[in-house]
Amino acid sequence: MRVDLANQDITAIQADAIIVNLFEGVREPQGATGAVNRALDGLIGTIIEKGDFDGRSHQTQVIYTPQLPTPRVILVGLGKKEEFDIERVRQAAGSAMGACCKTRSRRIATIVHGVGIGGLDAEACAQATVEGSLLAAYRYQTHRTRSEEDMSLPDTLILVEREEDKLPAFTKGLERGQILAEATNYARDLVNAPGNFSNPLQLAESARKLASQGNLTCDILNKDKLEELGMGALLAVGQGSAVPPCMIVLTHRGSDPDQLLSLVGKGITYDSGGINLKSGKNMELMRNDMAGGAAVLGAMQAIDRLKPDVTVMGLIPCAENLPSGHALKPGDVVTAMTGKTIEIISTDAEGRLLLADAVAYAVLQGATHVVDVATLTGAIGIALGEGIYSGMVANNDELVKDLLSAASLSGERFWRLPSDPEYRELNKSSIADIRNVGDGLGGAITAGLFVGEFVADKPWVHLDIAGTCYSKKEGPYQGRGATGVTVRTLTELAVRKAGRAQA
Ligand code: BES
Ligand code: ZN
Ligand code: ZN
């Protein structure tokens, strides 16, 4: 979508719809909403008075406006003033965009939510308004032969502001918001893609294309190279498929040679469970098992465009987990790149295997901080529910703090799980150094800690997105399907690391 900024009075703009807002309980609209109300001879006031609209969050009201150059006004609720924050801005923009999509409006003008009476930072509000709008207008249409909806989706968003002194902050926020939303939608596209359109080689091709469009370098470690490096765990996961595994290595260069942030994403392009074949229910959703890898690709796109001065290496170990005569079996023992031997208890616990080799590779390349993102366990949904918090297992309080503070801006939520030594014990094997399934419950913790065994004590955070990478229901800026979760937080983390390096 095209995104512009107009220094104009919202009542004078030419568009298919204009968006204004209202806090819950406000009887007399102020600011831009007040200006629109006056231009409509007090119609918004009447709508409030009659009780059709009370400003609660997510509420929208379409008003048809022959008095204005624009045929319709969309009124969106901001909720209670005391609960207002930047995430509410994103949600209001998303709800309003949802209403615009239903009216089939294409050229949308909006005020920036949250700046006036909301009192929030102007740049952050512009960013969140653009993010919410662009994320809400996302549809996955690639495999529909009739894409009527696609034809009528909004194609232009204009932020409208009358006061000139706000424009510089809005320009910056607009650019950041557009980059972050587009990167999230790019990750959503990759996750939503069917398994037969995104096998490991095809995902590697997507990474190559991404690098060729910007300044990232892209290196694909093929099967021969993985063998040469001794990545026995990654190779084992891929050995049942006709398509060989590979590792995507994307690099964004900063000037400080002493800092290297590595983002590692699980790239299982389809997880059948392998010889421990999954039951049929929801098995089609296992095409999403590369959502961590997609999040890293999305974050690398955004980092490439935002250019923070920090070196970031995106690593995506890719494989298809299938049963066959060549497949890995329960009871097998494999040797990871670090030399650690792993007893295979379940071939369905494959994510931690390929992540083990990938995080070890990050350390070998000189990573000073490692963050891995993975649809690792069903157990995380049992612990934290679905679609709310992603799980987190870590060995370093400082990196956790940085990640959580990045997340507070992106609106994504993470909950740290305990990692006391007793949990580590549960991964002990009787015949090898470690086993790939913990003994007992707490599966999201033992899975995370398994990966942590391969980071050589470097500051490390593991994010389990199995419960958050896919949405079954509609949210204000989230439709059914892939969410693109962690793209915005990972990008923000890289930006913060650069800020600190410069300080
Ligand atoms: N990809 C799955 C985890 C998953 C489950 C993602 C549900 C999205 C939704 C992972 O590879 C897996 O199968 N994990 C097993 C581990 C078990 C065998 C210890 C699980 O969670 O059941
Ligand atoms: Zn699995
Ligand atoms: Zn999996």
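The values are calculated or read from the model by the stated rules, or taken from the named source; none is laboratory data. What you are looking at is a predicted structure, and each value in this text was computed from that prediction instead of being measured. Note that each Cβ is placed from the backbone with ideal geometry, even for glycine, and that neighbours are counted across all protein chains shown. The accessibility values were calculated without ligands, DNA or RNA, using every heavy atom of the protein model including side chains. Shrake-Rupley method; radii C 1.70, N 1.55, O 1.52, S 1.80 Å.
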### Task
Could you name every one of the strands (runs of 3 or more DSSP E) located completely within the stretch 32-151 that has at least 1 residues being touching a residue at least 12 places away in the same chain (Cβ under 8 Å) and basic (K, R)?
72-77, 107-110
### Query
Got a sec? Which of A432, A456 is away from ligand 1 (no atom under 16 Å from the Cβ), surrounded by fewer than 18 Cβ atoms within 10 Å (Cβ to Cβ) and more than 26 Å from S262 (Cα to Cα)?
A432
### Query
Filter the stretch 435-447 for residues that are more than 16 Å from ligand 3 (Cβ to nearest atom) and assigned to a loop (DSSP other than H, G, I, E, B); which is surrounded by the most Cβ atoms within 10 Å (Cβ to Cβ)?
G442
### Message
Step by step: first the residues of the stretch 1-27, then only those that are part of a loop (DSSP other than H, G, I, E, B) and under 29 Å from the mean Cα position of the chain (by Cα), then the one that is surrounded by the most Cβ atoms within 10 Å (Cβ to Cβ). Which residue is that?
### Response
F23
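From the list L261, L297, exactly one residue is buried (at least 24 other Cβ atoms within 10 Å of the Cβ), more than 12 Å from ligand 3 (Cβ to nearest atom) and more than 17 Å from the chain's Cα centre (by Cα). Which is it?
Going through L261, L297 in turn, just one is buried (at least 24 other Cβ atoms within 10 Å of the Cβ), more than 12 Å from ligand 3 (Cβ to nearest atom) and more than 17 Å from the chain's Cα centre (by Cα): L261.
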### Task
Tell me which residues, restricted to the stretch 436-485, are more than 16 Å from ligand 2 (Cβ to nearest atom), among the aromatic types (F, W, Y) and touching a strand residue (DSSP E or B) at 6+ places or on another chain (Cβ under 8 Å).
W460
### Task
Could you check the stretch 347-427 for helices (runs of 4 or more DSSP H) lying wholly inside it with 1 or more residues that are acidic (D, E) and open to solvent by less than 20 Å² (accessible area, probe 1.4 Å)?
351-364, 397-410
### Task
Report whether or not S324 is surrounded by fewer than 20 Cβ atoms within 10 Å (Cβ to Cβ), within 25 Å of K278 (Cα to Cα) and within 14 Å of ligand 3 (Cβ to nearest atom).
no
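Part of a loop (DSSP other than H, G, I, E, B) and crowded, with 20+ Cβ neighbours inside 10 Å: is that true of V485 in this structure?
yes
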### Task
Answer yes if at least one residue in the stretch 203-211 is touching a residue at least 60 places away in the same chain (Cβ under 8 Å), in a helix (DSSP H, G or I) and over 23 Å from the mean Cα position of the chain (by Cα), and no otherwise.
no
### Query
Filter the stretch 460-474 for residues that are open to solvent by less than 30 Å² (accessible area, probe 1.4 Å) and either among the acidic types (D, E) or assigned to a loop (DSSP other than H, G, I, E, B) (or both); which is farthest from ligand 3 (Cβ to nearest atom)?
T468
### Message
Cβ contacts < 7 Å: first residue in contact (Cβ under 8 Å) with a residue 12 or more places away in the chain, restricted to the stretch 291-310; second residue among the acidic types (D, E), any location; separation 6+ or different chain. Result?
### Response
V310/D256
### Task
Return the pairs, sorted by first residue and then second, in which the second residue is acidic (D, E) and more than 9 Å from ligand 3 (Cβ to nearest atom), the first residue lies in the stretch 256-275 and is more than 17 Å from T377 (Cβ to Cβ), the beta carbons are less than 6 Å apart, and the residues are 6+ apart or on different chains.
T269/E320; Y270/E320
#### Entry: Selection count where residues are farther than 17 Å from G55 by Cβ and of a type in the set (G, A, S), scope the stretch 111-127
3
### Query
In the stretch 361-387, what count of residues is obtained for those that are away from ligand 1 (no atom under 15 Å from the Cβ) and over 28 Å from L229 (Cβ atoms)?
0
### Task
Please tell me if I86 is within 25 Å of the chain's Cα centre (by Cα) and β-branched (V, I, T).
yes
